[in-house]
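All remarks here apply to the structure that follows.
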């Protein structure tokens, strides 16, 4: 019994080894310190190529963008682009910090032939995943199937509105302008640099067709702008455009640029919209403003004032200060025809100032002929009226000889208010016979003469 048990125990290890597949057996190994082991990868790494679509054709020398989105547990560390198993470029998230999902556009310039494009993403934990598509450059049907063919994306767009130049806008002949539409990407494809906008009818109005459009992700709204030029000939012009996918398919709504180009010059009767003065009534010395609005169908506009007639721009205005009531004429011309519009400014004279009422009775002074009053003196009878203006007043007398020289003077101060008669003696040092003329003045307290008179001296 003991011998049999010993044989069984010796045979069991041999039996166990024979059940393990392979020629050799490797015993499992475990890290000595679990803290140095790599973190456990949860989930795989997936790559979806969104553009181009599998099976697309391109021209030789065309630079295309390969747009992809990668997902990985722990974040995507870097993404590699391969064409026919040849590495083209490597991209990493900003700052080198792994993220998930990670969207990137990588570029490749096409060469003739059939090519397999592969995008390989590697996670922060070293787990890689990839996806491939097949494209043709320069013609020729596909000969090799891609390793993986994701579901093709859908191109679609929605018109939001006209940002500039709404339909019917008037643009002068030869004028450059920018037409902008706002469009939303309502499909699942990303509009990369191979997407364009193309004119489908009505002419391009000077714009380039096809023209590139901004990079746009699904559900994003973008402004698409074209530089255009209005034709020289008058009329209504409609230019219709549509978005174009890299494979040449037109999609989305038709985008329209509609403008009106007016006729140059004029024909017929001019039209003056308005012409008036504000205010229309002023006092002398005040100002008013002449205002006129747009003038249509005219080749010249003139404003006529008392100073003459001169060309003006319409609309416009002019500030004036007429001294009297004046009419102004705005004239619009069109090939010999004219239309006159009149605006009148009424000017009233300012009221005269209120005069200062004169005194009830004016100051007055009267000198009788001088009388001999002894050697070297004469008496002058003076009759006066003083109305008490700037009182107290006084009487000043001055004697003159035949040569107009002063030969004597005298004064009487603090004269009373009322009519008075007084006699004033004037001393004449060289003799009374030299006093041939006497001047008398009624003077106020400041010495200012109020009124003067002249009397006869001794003859």
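The values are calculated or read from the model by the stated rules, or taken from the named source; none is laboratory data. Quick caveat, the model's predicted, so the values are computed rather than measured. Glycine also receives a Cβ, built like all others from the backbone with ideal geometry; neighbour counts cover every protein chain displayed.
In the stretch 49-58, the condition of being over 15 Å from residue 245 (Cβ atoms), outside any loop (DSSP other than H, G, I, E, B), at pLDDT 90 or above and not assigned by TED's automatic domain parsing to the domain that holds residue 215 is met by at least one residue. Does residue 452 count as surrounded by fewer than 16 Cβ atoms within 10 Å (Cβ to Cβ) and either in contact with a helix residue (DSSP H, G or I) (Cβ under 8 Å, 6 or more places away or on another chain) or modelled with pLDDT of 80 or more (or both)? Judged against the criteria, residue 452 is a match.
Only one of the numbered conditions (1) more than 30 Å from residue 332 (Cα to Cα); (2) at pLDDT 90 or above is violated by residue 193, and that is (2). Each residue in the stretch 80-100 was checked for being assigned to a loop (DSSP other than H, G, I, E, B) and under 15 Å from residue 131 (Cα atoms), and 2 pass. Residue 379 satisfies every condition listed in (1) surrounded by fewer than 18 Cβ atoms within 10 Å (Cβ to Cβ); (2) closer than 16 Å to residue 443 by Cβ except (2).
Within the stretch 381-397, does at least one residue satisfy the condition of being over 60 Å from the mean Cα position of the chain (by Cα), farther than 22 Å from residue 361 by Cβ and outside any strand (DSSP E or B)?
Step one: list which residues in the stretch 381-397 are over 60 Å from the mean Cα position of the chain (by Cα), which gives 381-397.
So of that shortlist, the ones also farther than 22 Å from residue 361 by Cβ come out as 397.
From the residues that got through so far, the ones that are outside any strand (DSSP E or B) too are none.
Looking through the stretch 381-397, none of the residues is over 60 Å from the mean Cα position of the chain (by Cα), farther than 22 Å from residue 361 by Cβ and outside any strand (DSSP E or B).
Among the residues in the stretch 414-425, are any buried (at least 16 other Cβ atoms within 10 Å of the Cβ) and touching a residue at least 60 places away in the same chain (Cβ under 8 Å)? So far as the stretch 414-425 goes, no, none of its residues is buried (at least 16 other Cβ atoms within 10 Å of the Cβ) and touching a residue at least 60 places away in the same chain (Cβ under 8 Å). Of the residues making up the stretch 277-290, those that are more than 23 Å from residue 352 (Cα to Cα) and crowded, with 17+ Cβ neighbours inside 10 Å number 2.
Among the residues of the stretch 282-297, those that are over 30 Å from the mean Cα position of the chain (by Cα) and in a loop (DSSP other than H, G, I, E, B) comprise 284, 285, 286, 287.
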